[in-house]
1. Modelling each spin label as a point 7 Å along the Cα-to-Cβ direction, I'd like the THR99/ARG52 distance in nm, to one decimal.
2. Using helices alone, what [θ] at 222 nm do you get for the chain, with -39,500 (n - 2.57) per DSSP H run of 4 or more residues, divided over all residues and rounded to the nearest 500?
3. What FRET efficiency do you get for LEU19 and GLU63 if R0 is 22 Å and r is their Cβ-Cβ distance, rounded to the nearest 0.05?
4. Can you say what percent of the DSSP beta bridges in region 26-185, counting only those with both residues inside, are antiparallel? Round to 5.
5. Take a quick pass over the chain and tell me how many lysine pairs come in under 20 angstrom between Cα atoms, counting only ones 8 or more apart or on separate chains.
6. What is the distance in Å between the Cα centroid of region 73-144 and that of region 215-235?
7. Over region 99-145, what is the relative contact order in whole percent, taking alpha-carbon pairs under 8 Å and six or more residues apart?
8. If one takes the longest principal axis of the Cα atoms in the chain, at what angle in degrees, from 0 to 90 and to the nearest 10, does the Cα axis of helix 232-245 lie?
Amino acid sequence: MGTKISVPVVAPLDIEAILKAEKEAKRTRVFLLRNAGLPTCPRRIPQMRSLREVDLSSNRIVELPYELGELHKMRILNVSHNLLAALPNSLGDCVVLKTLNASCNTIQEIFPTIGQLQRLEELDLSENNLTVIQPSLSKCSAMIYLNLAENNIEEVPPELGDLKNIVEFNISFNQLATLPEDIGLMRSVEKIDLRGNLITAIPPSLFTDTSLDRLFTHDCPVHAVLKQQPGYPAFHERKVERIKRQGWPPAPNPNRLKGWGDA
């Protein structure tokens, strides 16, 4: 008797679902087809030049077509939770793109033309296989939210300090040992997540020269000595002000019944 080999059964493509998504996209200019088991990008998408949004998340797509860069009106692209090892350089031609979510793939490199996306505000490349941050990313001057968490990044290029409008930066669970002093040039940054790195010190300018009021450093060596870092008092003051603005501690309510723990 021969050896039995178990071959995984691949569900057939739901052609009807693809046609329905195409029909709906003609009306709404949004192509939405999540969790459909797609192994490739539907071939007609690059031909639908009026699309404003494309959502192909939670499929099995291994490659995006180069022609996707011809969607010059696309503002939102979500290809998260697929099997992508790369993003096409042609995405740099999608100059009105504002949101790009390619998290939870196997991407090894940020496409070199990303610096052409001058209107990009949100970029999520978390949970991939990145080892390097392209310095050209610093040319995305409209960037507000940047998530590079859970990769294998060892260094933050000093050029990233040019992201003057960034508000939230997540680079947790990477392989960082240091941060460049130029990170303090991110004047608008309010929230940074550094958890799970090897960082032992925080550049003082990050505390004194930015709007930072939320900093997460758990599972970092610096966490144990965070309050001793130069410039920390300025950060702490902003943190307290933020908490007060959010209404904490709450004003006492004289009409509330006293319970356990009340004086």
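1. 1.2
2. So the calculated ellipticity at 222 nm is -4000 deg cm²/dmol.
3. E between LEU19 and GLU63, to the nearest 0.05, is 0.50.
4. Antiparallel bridges: around 0 percent, rounded to the nearest 5.
5. Lysine pairs meeting both conditions in the chain amount to 11.
6. 30
7. Result for region 99-145 is 48 percent.
8. Once rounded, one gets 80 degrees.
Computed from the coordinates by the stated procedures, all read-outs in this text should not be read as laboratory data. Worth saying up front: this structure is predicted, and the values here are computed from it rather than measured. As a convention, Cβ positions derive from the backbone with ideal geometry for all residues, glycine included, and neighbour counts pool all protein chains shown.
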